[in-house]
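The values are calculated or read from the model by the stated rules, or taken from the named source; none is laboratory data. Being a predicted model, the structure only gives us computed values, none of them experimental. Every residue, glycine among them, receives a Cβ derived from its backbone with ideal geometry; neighbour counts consider all protein chains shown. Keep in mind that these areas ignore ligands, DNA and RNA; they rest on the heavy atoms of the full protein, side chains included. Shrake-Rupley method; radii C 1.70, N 1.55, O 1.52, S 1.80 Å.
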Amino acid sequence: MAKMLSRVAPWLASRKDVPDPPGISIRTLDGDDTAALVLLAQRDPVSNVFILAHLRAAGTAAPTSGGAGVLGVFDDGVLAGACWAGANLVPVQLDPTLAGVVAAAANKSGRRYASAFGPATAVLALHAELVELGHRAHEVRPDQPLMTISEPPSVEPNPGLGLGNLADFDRILPACAAMFEEEVGYSPFLGGREFYSRRVEGLIRQGHSLVHLNEAREVVFKAELGAVTSEVTQIQGVWMNPLYRGQGLSAGYMASVVEQARKIAPVTSLYVNGFNTRARATYERVGFSQVGTFATVLF
């Protein structure tokens with residue numbers, strides 16, 4: 001890495017209209033790069049659970065049928081860092097000094113990215129480079145504690161939480177959409193309902209949708225295991241029905257989520273906005289502790 005940094009540093013100072021630094025190259029990975037990408041991501045299976053879950057499902061680093069793929073940065077032919085480039089940009093073991101070449105390649109593709117998320121140093125460096133290329137974010141969240149738990153939860157789980165059922169899809173989908181809109185500020189249905197609906201349906205079919213419905217079949221609480229490997233699950237989409245907020249129910253529900261997740265993998269993870277002190281306190285009460293820092297850039 002020191003060798004790579006010594007070559008890249010002078011280039012960063014005058015990167016505009018300059019070819020890639022000597023020894024550094026970037027290209028979209030293909031199936032033959034799968035093993036190298038797995039080894040790279042396994043250096044931090046918690047931070048890289050997104051790409052590892054994708055590789056587990058797809059079985060290959062090759063681009064998807066929809067055109068999403070992984071940009072690989074090579075140092076003298078060795079994979080030194082990577083970045084998922086689909087609807088979102090997700091760095092994988094990407095040294096911040098390599099953000100420039102990744103941003104240039106992502107920009108050249110002409111794709112429109114909804115966000116960038118992952119380890120804070122890489123994401124914020126990538127954002128800075130994309131700003132230089134004319135991309136503008138409507139929000140930057142630079143401090144998102146990455147938290148894990150690998151023991152049983154510290155509070156009593158709520159027994160009402162169970163797996164989502166397709167029979168309740170029409171109730172679960174609006175709850176998921178409400179969570180999304182609260183989190184990012186716009187509806188996930190912009191541009192059509194089909195893609196987001198398929199995503200929610202897929203999570204239910206996989207047994208990764210966790211929900212509690214009351215007697216009136218209204219969603220009280222829901223969460224998803226958004227990325228899953230044999231080592232790590234990542235909780236996403238935590239949402240409490242506004243009618244039930246402020247009643248001290250969150251910790252019990254999160255404990256139940258952890259119990260369900262531990263049936264799949266030994267480590268349960270999540271990341272949370274640093275300013276959300278109430279949620280952080282709840283997660284700590286359940287037994288989560290911070291192991292890193294993520295950042296999210298919303299474009």
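List of remarks:
- Residues that are among the basic types (Lys, Arg) and either buried (at least 16 other Cβ atoms within 10 Å of the Cβ) or within 26 Å of Asn276 (Cβ to Cβ) (or both) within the range 168-209 comprise Arg171, Arg199, listed in sequence order.
- Restricting the range 106-116 to residues that are open to solvent by less than 50 Å² (accessible area, probe 1.4 Å) and over 20 Å from Phe275 (Cβ atoms) leaves a set whose member that is modelled with the highest pLDDT is Ala106.
- The residues of the range 210-248 that are open to solvent by 20 Å² or more (accessible area, probe 1.4 Å), farther than 21 Å from Tyr271 by Cβ and in contact with a Gly (Cβ under 8 Å, 6 or more places away or on another chain) amount to a single one, His212.
- Selection count where residues are open to solvent by 10 Å² or more (accessible area, probe 1.4 Å), free of Cβ contacts under 8 Å to residues at least 60 places away in the same chain and assigned to a loop (DSSP other than H, G, I, E, B), scope the range 69-96: 5
- Ala61 vs. criteria surrounded by 16 or more Cβ atoms within 10 Å (Cβ to Cβ), part of a loop (DSSP other than H, G, I, E, B), modelled with pLDDT of 95 or more and touching a Leu at 6+ places or on another chain (Cβ under 7 Å): yes
- Consider the range 21-58 and keep the residues that are surrounded by fewer than 14 Cβ atoms within 10 Å (Cβ to Cβ) and basic (Lys, Arg). The one that is farthest from Phe195 (Cα to Cα) is Arg43.
- The numbered conditions (1) part of a helix (DSSP H, G or I); (2) at pLDDT 95 or above; (3) aromatic (Phe, Trp, Tyr) are all true for Phe275 except (1).
- Residues (crowded, with 23+ Cβ neighbours inside 10 Å and either over 18 Å from the mean Cα position of the chain (by Cα) or without any contact (Cβ under 8 Å) to a residue 40 or more places away in the chain (or both)) located in the range 259-276: Ala261
- Condition check for Lys16: assigned to a helix (DSSP H, G or I), at pLDDT below 95 and open to solvent by 60 Å² or more (accessible area, probe 1.4 Å): no
- Any chance Ala279 is closer than 21 Å to Pro153 by Cβ and more than 14 Å from the chain's Cα centre (by Cα): yes
- Looking only at the range 186-206, residues that are of a type in the set (Asp, Glu) and within 17 Å of Gly86 (Cβ to Cβ) come to 1 in all.
Residue-by-condition table, conditions (1) farther than 20 Å from Ile51 by Cβ; (2) modelled with pLDDT of 95 or more; (3) open to solvent by 30 Å² or more (accessible area, probe 1.4 Å); (4) not in a helix (DSSP H, G or I):
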position	(1), (2), (3), (4)
Leu98	no, yes, no, no
Ala104	yes, yes, yes, no
Gly118	no, yes, no, yes
Leu124	no, yes, yes, no
Arg136	yes, no, yes, yes
Pro142	yes, yes, yes, yes
Thr148	no, yes, no, yes
Glu156	yes, yes, yes, yes
